Amino acid sequence: MKFSTKLICSTMIVLAAALGFSGFYFVNYVFESALNREIGQALDENSILRFAFETAALNAPAKYDVLQDTTIYQIGANLESGGLENGRLVRLSDEEQSVLYASDGFGADQALLSRTEEGRKTYRVIESGSRYYIQTAGVVNALDRALYLETLKDVTEVFEDRSMGFTVYRRAMLLLLAAGMLLLILISSWLTKPIRALTRATKQMREGDYGYRAKRESGDELGVLTDDFNRMAAALEENVNRLEDEVRSREEFVAAFAHELKTPLTSIIGYADMLRSRKLDEEKSLLSANYIYTEGKRLEAMSLRLLDIIVNRRTQAKRRRIPASSFSAFLQEAPAPGWDGMLSVSCEDGMVWAEADLIKTVLFNLLDNACKASEPGGRVEAEGKRLEDGYRFTIRDYGIGIPVEELSKVTKPFYMVDKSRSRSRNGAGLGLALCVEILRLHESSLEIESEPGKGTAVSFTLPDGDMDENTADKNIVNKKGGGEP
């Protein structure tokens, strides 16, 4: 059941109960007030008749010491004739409750007389057929006789008014309920408008439209809920886009890896098959073996760097304060083949907050890329500079450079600006991707400036740590799940 339907039904039930109870109370209150008024008038009338009877009895001819039945009958007839206009009926009974006079139509029994005593008036409401009456009784003392005087007053109109009141109120209540239901439908539609908007937004997002946002319809709690929902939807859209980018990147990575793996394997298999199936002269045999060796080394370099990337994505950097001179010495003492005479190292004194082996890997890869991008005999510069809040390394070459549209792609795995040049020098396109992962562990990133034909400058800044070495070691242990915070 919809919320709006629940709201309408519950409100209508409460409204119907309230109107029914109040209507019943009101109509009954009016009825009881009218009936009590009629009862009071009937009792007063009984008193008046008793006084009139006693007066008439005193004025009767005194032939006997005791009031005769015939005289009682005559007085009763006179009393009845005086009240015919208001439908009054009279009955007179003697001391033995034997009826001496009764008006035509006075069909009530004499049960009321058993409760009637001298000085006490009694009454009851009786139903006779489809009519309602008020029966009153009182004791009349006349000439040493104690008689019972009863009256019967028709109050059917009061009961008919009550019945009519209930009928009218039921009709009015139904009309009010119908109007109330119409009003409730409009109100519930207005109140649940924000909920419907959220429902539409949920359906749109379920169908894949993560950019859909619910419109804020009110300034109350539902409006706040709409804002929270939109913020949640924005976060969800961002996460979905990020996951889609990751999936896409993984697919591109797998495709690139398969392509990069296929190329050297094809060469290795081809030249190996040539050596196996044909008898070649010494020069061709050496050439084929050299191709196999070169492609094998490229496969080895690619697999090692790929392994480094995978491992560095799963570990924490164990940073310490290291003198910058150690990095300078590493660069000067460990040149790779092809670096001879090209490298110039200049590092300012200072402390570096880093894991030494990982940063050496970054510097080695950047220098290797710079040398591969330079012509033989070119110049490559490695510079270290102390900053106020960190230490900055810059590797600069004056080689082929990188086009502007390629700058955002060079850090992706297996991406190479000049594939033929990189492959000829055992390049795998994984060096910068590895550098990005290592610098991420050091809360840093690569900054690349390049101009085609003039060279490239790649920089990164290692921020200073704000804790001593012992604290750093302890923090590393905590990240791995051991030690006390």
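Of all residues in the stretch 280-308, those being open to solvent by 40 Å² or more (accessible area, probe 1.4 Å), small (G, A, S) and either in contact with a Phe, Trp or Tyr (Cβ under 6 Å, 6 or more places away or on another chain) or modelled with pLDDT under 75 (or both) number 1.
Test Y169 against the stated conditions and say whether it is more than 30 Å from C9 (Cβ to Cβ) and either touching a helix residue (DSSP H, G or I) at 6+ places or on another chain (Cβ under 9 Å) or of a type in the set (V, I, T) (or both). It is false that Y169 is more than 30 Å from C9 (Cβ to Cβ) and either touching a helix residue (DSSP H, G or I) at 6+ places or on another chain (Cβ under 9 Å) or of a type in the set (V, I, T) (or both).
Listed residues Y132, Y148, Y212; which is closer than 24 Å to G40 by Cβ, touching a helix residue (DSSP H, G or I) at 6+ places or on another chain (Cβ under 8 Å) and without any contact (Cβ under 8 Å) to a residue 40 or more places away in the chain?
Numbers: Y148 fails: without any contact (Cβ under 8 Å) to a residue 40 or more places away in the chain; Y212 fails: closer than 24 Å to G40 by Cβ.
One residue alone meets the criteria, Y132.
Do you know which residues across the stretch 198-209 are within 14 Å of the chain's Cα centre (by Cα) and in contact (Cβ under 8 Å) with a residue 24 or more places away in the chain? Scanning the stretch 198-209 gives L198, A201.
For first residues located in the stretch 437-448 and aliphatic (A, V, I, L, M), partners that are open to solvent by 30 Å² or more (accessible area, probe 1.4 Å) and assigned to a loop (DSSP other than H, G, I, E, B) and lie 6+ apart or on another chain with Cβ distances below 8 Å form the pairs L439/S445; L439/L446; L441/T315; L441/Q316; L441/E355; L446/T411; I448/L407.
Taking residues in the stretch 89-100 that are under 20 Å from E45 (Cα atoms), and partners anywhere that are open to solvent by 60 Å² or more (accessible area, probe 1.4 Å) and assigned to a loop (DSSP other than H, G, I, E, B), the pairs with Cβ atoms closer than 7 Å and at least 6 places apart or on different chains are L89/G105. Taking the criterion of being of a type in the set (D, E, K, R) and open to solvent by less than 80 Å² (accessible area, probe 1.4 Å), the only residue of the stretch 119-131 that qualifies is R124.
Taking the stated definitions as given, is S4 touching a helix residue (DSSP H, G or I) at 6+ places or on another chain (Cβ under 6 Å) and at pLDDT below 85? So S4 fits the description; yes. Has the stretch 378-388 got any residue that is touching a Leu at 6+ places or on another chain (Cβ under 7 Å), in a strand (DSSP E or B), over 19 Å from P452 (Cβ atoms) and not aliphatic (A, V, I, L, M)? The answer is no, given that none of the residues of the stretch 378-388 is touching a Leu at 6+ places or on another chain (Cβ under 7 Å), in a strand (DSSP E or B), over 19 Å from P452 (Cβ atoms) and not aliphatic (A, V, I, L, M). Scoring M232 on the criteria (1) part of a helix (DSSP H, G or I); (2) touching a residue at least 12 places away in the same chain (Cβ under 8 Å); (3) exposed (fewer than 12 other Cβ atoms within 10 Å of the Cβ) leaves a single failure, condition (2).
Listed here are the residues, each with its yes/no results for (1) modelled with pLDDT of 85 or more; (2) exposed (fewer than 13 other Cβ atoms within 10 Å of the Cβ); (3) part of a loop (DSSP other than H, G, I, E, B).
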site	(1), (2), (3)
D44	yes, yes, no
L49	yes, no, no
A52	yes, no, no
L58	no, yes, no
K63	no, yes, yes
T70	no, yes, no
A77	no, no, no
E85	no, yes, no
F106	no, no, yes
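Taking the criterion of being modelled with pLDDT under 80, of a type in the set (A, V, I, L, M, F, W, C), surrounded by 16 or more Cβ atoms within 10 Å (Cβ to Cβ) and not in a strand (DSSP E or B), would at least one residue in the stretch 310-330 satisfy it?
To start, the set of residues in the stretch 310-330 that are modelled with pLDDT under 80 comprises 310-318.
Checking which are of a type in the set (A, V, I, L, M, F, W, C) leaves us with 310-311, 317.
Retained after the next criterion (residues that are surrounded by 16 or more Cβ atoms within 10 Å (Cβ to Cβ)): 317.
Then keep just the ones that are not in a strand (DSSP E or B); that gives 317.
Checked against the condition, which is being modelled with pLDDT under 80, of a type in the set (A, V, I, L, M, F, W, C), surrounded by 16 or more Cβ atoms within 10 Å (Cβ to Cβ) and not in a strand (DSSP E or B), the stretch 310-330 yields at least one hit.
Would the stretch 109-118 turn up any residue that is open to solvent by less than 20 Å² (accessible area, probe 1.4 Å) and in a strand (DSSP E or B)? Looking through the stretch 109-118, none of the residues is open to solvent by less than 20 Å² (accessible area, probe 1.4 Å) and in a strand (DSSP E or B).
When you check S163 against the structure, is it open to solvent by 40 Å² or more (accessible area, probe 1.4 Å), closer than 30 Å to N28 by Cβ and either touching a Leu at 6+ places or on another chain (Cβ under 6 Å) or touching a residue at least 24 places away in the same chain (Cβ under 8 Å) (or both), yes or no? It would help to see each step written out before you state the result.
Values: open to solvent by 40 Å² or more (accessible area, probe 1.4 Å): yes; closer than 30 Å to N28 by Cβ: yes; either touching a Leu at 6+ places or on another chain (Cβ under 6 Å) or touching a residue at least 24 places away in the same chain (Cβ under 8 Å) (or both): no.
The answer is no for S163.
Of the residues making up the stretch 351-391, just one is touching a Ser or Thr at 6+ places or on another chain (Cβ under 6 Å), open to solvent by 30 Å² or more (accessible area, probe 1.4 Å) and either over 12 Å from S328 (Cβ atoms) or at pLDDT below 90 (or both), namely E381.
Report, by residue number, each residue of the stretch 122-180 that is small (G, A, S) and either within 60 Å of the chain's Cα centre (by Cα) or more than 29 Å from Y73 (Cβ to Cβ) (or both). Let's see the steps before the verdict.
First, pick out the residues of the stretch 122-180 that are small (G, A, S): 128-130, 137-138, 142, 146, 163, 165, 172, 178-180.
Residues satisfying the conditions are S130, S163, G165, A172, A178, A179, G180.
So that you can scan it fast, the table gives a plain yes or no per residue for (1) modelled with pLDDT of 80 or more; (2) open to solvent by less than 40 Å² (accessible area, probe 1.4 Å); (3) closer than 30 Å to L92 by Cβ:
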position: M173; (1), (2), (3): yes, yes, no
position: I185; (1), (2), (3): yes, no, no
position: T199; (1), (2), (3): yes, no, no
position: R206; (1), (2), (3): yes, no, no
position: E217; (1), (2), (3): no, no, no
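Applying a threshold of 6 Å to beta carbon distances and a minimum spacing of six or more residues, or different chains, the list of pairs starting in the stretch 185-197 at a residue that is within 10 Å of I8 (Cα to Cα) and ending at one that is of a type outside the set (K, R) and part of a helix (DSSP H, G or I) reads S188/S4; S188/L7; S188/I8. Taken over the stretch 132-160, the residue count meeting the criterion of being open to solvent by 20 Å² or more (accessible area, probe 1.4 Å), hydrophobic (A, V, I, L, M, F, W, C) and not in a strand (DSSP E or B) is 2. For the stretch 13-30, residues that are open to solvent by less than 50 Å² (accessible area, probe 1.4 Å) and touching a Gly at 6+ places or on another chain (Cβ under 7 Å) total 1.
The values are calculated or read from the model by the stated rules, or taken from the named source; none is laboratory data. The model shown is predicted, which means the values in this text are computed figures rather than measured ones. Cβ sites come from the backbone with ideal geometry, for glycine too, and all protein chains shown count toward neighbours. Quick note on the areas: whole protein, heavy atoms, side chains included, nothing else; ligands and nucleic acids left out. Shrake-Rupley method; radii C 1.70, N 1.55, O 1.52, S 1.80 Å.
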